[in-house]
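Colleague: Handing you a structure now.
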């Protein structure tokens, strides 16, 4: 009788997903995880690319990254990450990473790393919102509602992912009402992980793609779950300000200042429970609504 190993937890799967296979000094390979989307989740490619860049750096921490999503990723195929060691200066290093599938680039990112140093500090205050423990967990979808979604999305929602989310102002993603383009979401990993800051940064890059561009849909009463709505990340920028842990509660405060030409822009600020601003994000995404026939 063959031994059937126990399935991994979603958090263990994500740790493994971000732990790339090293093929050469500057060449890495990663696998993909199906989270119910048609193509590879953008946060996965972002997190894996950052993992590849970090593997070529010593004693410097990423402080910013700027990425472009070039092509949709194939969930069934591995992704190769090629790292260009663009610069190693006295205090800063730059890495450019290209993600490749089927011989074509699907994603590029430039990331800058800095040797830790002291300097002037200030930040905008955290929004006044209820604490995560004062918010109810997200209830499971009604079985009748779940049945209307694609089989892939049903599998993902039934199992649950590695992150726990608690929305300060929840909305019905299947029947969304129109509202101003602001939202605050508490999130954290569902399990504790080790202390390596590089892993926590890659995890945060992964999680930063959740909810961000969705904020741009709020004034229009649409959502990604609706079959006539096509959404995709076009670019993504991220700045890391202060140390943090992704297995402790973080607040994602997002807004969308504009949408036009089938594109929406969203910005995010990520705070810890002490009110420290630990990271900031910005993203432009495709927001295309298919016209209903008839």
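Colleague: Using only the Cα atoms, what convex hull volume per residue in Å³ does region 83-241 have?
Modeller: 185
Colleague: Region 92-145: percent of C-alpha pairs farther apart than 17 Å?
Modeller: 74
Colleague: Determine the relative contact order of region 76-226: mean sequence separation of Cα pairs under 8 Å and six or more apart, normalised by residue count, in whole percent.
Modeller: With pairs under 8 Å counted, the relative contact order is 16 percent.
Colleague: Still on this structure: Between residue 229 and residue 129, what is 0.36 nm times their sequence separation minus the Cα-Cα distance? Round to one decimal in nm.
Modeller: Contour length minus Cα-Cα distance gives 33.0 nm.
Colleague: Once R0 is set to 22 Å, what does the formula 1/(1 + (r/R0)^6) return for the Cβ-Cβ distance between residue 258 and residue 100, expressed as a FRET efficiency to the nearest 0.05?
Modeller: With a Förster radius of 22 Å, E is 0.10.
Colleague: With viscosity set to 1.567 mPa s and temperature to 4 °C, compute the Stokes-Einstein D of region 13-120, Rh being the Kirkwood radius across alpha carbon pairs; µm²/s, no decimals.
Modeller: 91
Colleague: Taking every Cα atom in region 175-239, find the radius of gyration and the maximum pairwise distance Dmax, and write them in Å.
Modeller: 14.8, 43
Colleague: Now a separate question. Would you compute, from DSSP H runs of 4+ residues alone, the mean residue ellipticity of the chain at 222 nm, taking -39500 (n - 2.57) per run and dividing by the full residue count, rounded to the nearest 500?
Modeller: Value at 222 nm, helices only, nearest 500: -4500 deg cm²/dmol.
Colleague: Separation of region 206-245 and region 252-294 by C-alpha centroid, Å?
Modeller: Result: 5 Å between the Cα centres.
Colleague: Let me ask something else about it. Pairs of Cα atoms under 8 Å, at least six residues apart: use those to get the relative contact order of the chain, whole percent.
Modeller: 18
Colleague: Here is a follow-up. Principal axis extents for region 172-294, Cα atoms only, whole Å, descending order, please.
Modeller: 56, 25, 22 Å, listed from the longest principal axis down.
Colleague: With bins 10 Å wide starting at 0, give me the P(r) of region 230-280 over every alpha carbon pair, in whole percents.
Modeller: Bins of 10 Å from zero give 22, 44, 25, 8 percent of pairs.
Values in this text are rule-based calculations from the coordinates and carry no lab data. In this text the structure is predicted, and so the values were computed from the model without any measurement. For neighbour counting, all protein chains shown are included, and Cβ atoms are generated from backbone atoms with ideal geometry for every residue, glycine included.
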